[in-house]
1. Exactly one of (1) touching a strand residue (DSSP E or B) at 6+ places or on another chain (Cβ under 7 Å); (2) over 14 Å from W107 (Cβ atoms); (3) in a helix (DSSP H, G or I); (4) among the charged types (D, E, K, R) is unmet by K78. Its number?
2. So which residues in the stretch 98-110 are surrounded by fewer than 17 Cβ atoms within 10 Å (Cβ to Cβ) and either among the acidic types (D, E) or under 21 Å from S20 (Cα atoms) (or both), if there are any at all?
3. Of the residues L33, L10, which single one is crowded, with 18+ Cβ neighbours inside 10 Å, in contact (Cβ under 8 Å) with a residue 60 or more places away in the chain and assigned to a loop (DSSP other than H, G, I, E, B)?
4. Is it the case, given these coordinates, that T86 is surrounded by 15 or more Cβ atoms within 10 Å (Cβ to Cβ) and touching a Lys or Arg at 6+ places or on another chain (Cβ under 7 Å)?
5. Considering the stretch 49-63 alone, what residues qualify as being in contact (Cβ under 8 Å) with a residue 24 or more places away in the chain, crowded, with 17+ Cβ neighbours inside 10 Å and not β-branched (V, I, T)?
6. Only one of L46, L67 is surrounded by 14 or more Cβ atoms within 10 Å (Cβ to Cβ), closer than 18 Å to V100 by Cα and over 20 Å from the mean Cα position of the chain (by Cα). Can you tell me which?
Amino acid sequence: MKQSISSHCLYFQEYEVGASFRTGARTITEADLMLFSTLSGDMNPLHMDEEFAKNWHYGKRVCHGMLVVSYAVGLINKVGYVDGSTIALRQTSWQFRTPVFPGDTIWATVDVKNKRKLSDEAGLVSSEIKVFNQNEELCAIGDWNMMVALRKED
């Protein structure tokens, strides 16, 4: 599994089905939770109110699922292979398995599952994304399809 900052983006031709990438990690802070709540408008007391959350299923506040996904996308972007060649994220779906709490550290893996050429300029790369916490528990799993540029042949 590749785990480093890429020296360049990957064009469609360079993606290999079966390839895997691992991101770096990020700790989700109290400030992250508050800023995401404000930005998204999701002020659910499960995210915002410690007293309310104490009497709920997990006994403490949980991070927004979409906050976790957003940070996973940012971590993937930092690996470097998507900058400069990705045209669009065409489709995504997510399942949330284990909650993420403020103070947890997350990281992600990307497994390339399929690719197909769409035109002389772009192809579709399908990947499975897994987000883990510091205990290596699977927190979220998702599929996404990226439209990726083909490298222009000289």
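1. K78 satisfies every listed condition except (2).
2. Answer for the stretch 98-110, where residues must be surrounded by fewer than 17 Cβ atoms within 10 Å (Cβ to Cβ) and either among the acidic types (D, E) or under 21 Å from S20 (Cα atoms) (or both): just T105.
3. Matching residue, one of L33, L10: L10.
4. no
5. Matches in the stretch 49-63: R61, C63.
6. Going through L46, L67 in turn, the sole match is L46.
Values quoted throughout were computed directly from the atomic coordinates according to the rules given, and no laboratory measurement underlies them. Owing to the predicted nature of the structure, the values given are computational and were not obtained by experimental measurement. All Cβ positions, even for glycine, are placed from backbone atoms using ideal geometry, and neighbour counts span all protein chains on display.
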